[in-house]
Amino acid sequence: MFHIEFSERIRNAAPGLRVLAIEAIVKNLPTSDSLWLDIEKEVETIRNKYPLELVNKRPAIAATRAAYKKLGKEPNRYRPSAEALCRRAVNGKGLYRLTTLIDFINLLSMKTGHSIGGFDANKIHGDTLLLDSGYHEEEFHAIGRGLLNIENLPVYRDAIGGIGTPTSDEERTKLTPETCHLLMLINIYDETEDIEALKDLTLDLFHAHCSPKSVNTFITSI
C-alpha cells in the first residue's frame, strides 16, 4: 500500500484536494470491443453536451485549472489531461485505441472531468509519494511528448523523481502491456465532488472492463 503526502505549496494552492487511489493486480490486455464501445459512446456524449468553450467550465476541470493558476502555471498552455481528452472529443479527433488500463483511465477521465494518473506500481521506488509542485528545469519525460516543463505543475514524486502530473505522466513508470500491478490516482480538486459516488462509479467500471484479481482503495485528503 502506498502513502501519499502533500507539500506546503500544494496545501496552500488546493486546500480541498482529495486523492482517490486504486491499487490492483490486473492484466493490461488489448482493449476489448465492449470497452471501446463505451469510449465511443462517451466521446459522442461529450461532443453533444459541451461546446468547446464550455469544456474547461466543467467543475472538475475548472477546479484543476484553478490550482494550476494558484501555483503559477498557465492552464491553456499545459492543459489538464481530462480537458485535453474532452477537447479531442468535441473537435471530432477521436482517441487512440491502446490497452485496457490506459483506455479505461481515459474513459473514466472523460466521464468525471478528473485528471487521473495511471502507473506501473512495480516501477515506483519506495512506498511514499509526495505531491509537490515542479521545480525550474526539473527533468520530466512526458509520455509521448518528450521533455515537459513541469515548473509550477502539481507533480507526484517517488524516491527517484517525478512520475506524474495532471497534464502528463512520466515515461519511467508508464503503463505497458506487461503491467500487472496498477496504481491509479484520481486527483479531486473539486471540493463539491461526492467522493463516495465517484468511488462507486470507478469500481463498477473497473470491474466491468479490467477484471482485476484484487483491488485496494484508499482516500487521502489534505
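Observations, loosely collected:
- Shape of segment 1-53, Cα gyration tensor, a/c cut at 1.5: oblate
- For segment 68-127, the relative contact order works out to 32 percent when only alpha carbon pairs closer than 8 Å and six or more residues apart are counted.
- Residue among Ala82, Ile46, Ile116 farthest towards the positive dipole end of segment 32-181, charges placed on Cβ: Ile46
- Share of alpha-carbon pairs per 5 Å distance bin for segment 33-78, given as whole %: 5, 20, 18, 17, 15, 13, 8, 2, 0
- What the pair-distance distribution of the chain shows, using all Cα-Cα distances binned every 5 Å from zero, is 1, 7, 16, 20, 22, 18, 11, 4, 0 percent.
- Over segment 108-202, the reciprocal of the mean inverse Cα-Cα separation, the Kirkwood hydrodynamic radius, stands at 14.1 Å.
- Scaling the Cα radius of gyration of segment 24-141 by the globular reference 2.2 N^0.38 Å produces a ratio of 1.17.
- Globularity index of segment 132-177 is 1.03 (Cα radius of gyration / 2.2 N^0.38 Å, N = number of residues).
- Cα gyration tensor shape of segment 73-114, rounded if a/c is under 1.5, else prolate or oblate by comparing a/b with b/c: prolate
- In nm, spacing of pseudo-spin labels at Met1 and Leu54 (7 Å Cα→C-beta vector): 4.2 nm
- Cross-link partners for Lys199 among the lysines, with Cα-Cα distance under 26 Å and sequence neighbours closer than 8 places in the same chain left out: Lys27, Lys41, Lys49, Lys57, Lys111, Lys123, Lys174, Lys213.
- Here the chain has 50 percent of its accessible surface on carbon and sulfur atoms, given a 1.4 Å probe and all protein chains in place.
The values are calculated or read from the model by the stated rules, or taken from the named source; none is laboratory data. Remember, it's a predicted structure, so these values are computed and weren't measured experimentally. A quick note on method: Cβ atoms are made from the backbone with ideal geometry, for glycine too, and the neighbour counts reach across all protein chains shown. Note: accessible area is taken over every heavy atom of the protein model, side chains too, but ligands, DNA and RNA are not part of it. Shrake-Rupley method; radii C 1.70, N 1.55, O 1.52, S 1.80 Å.
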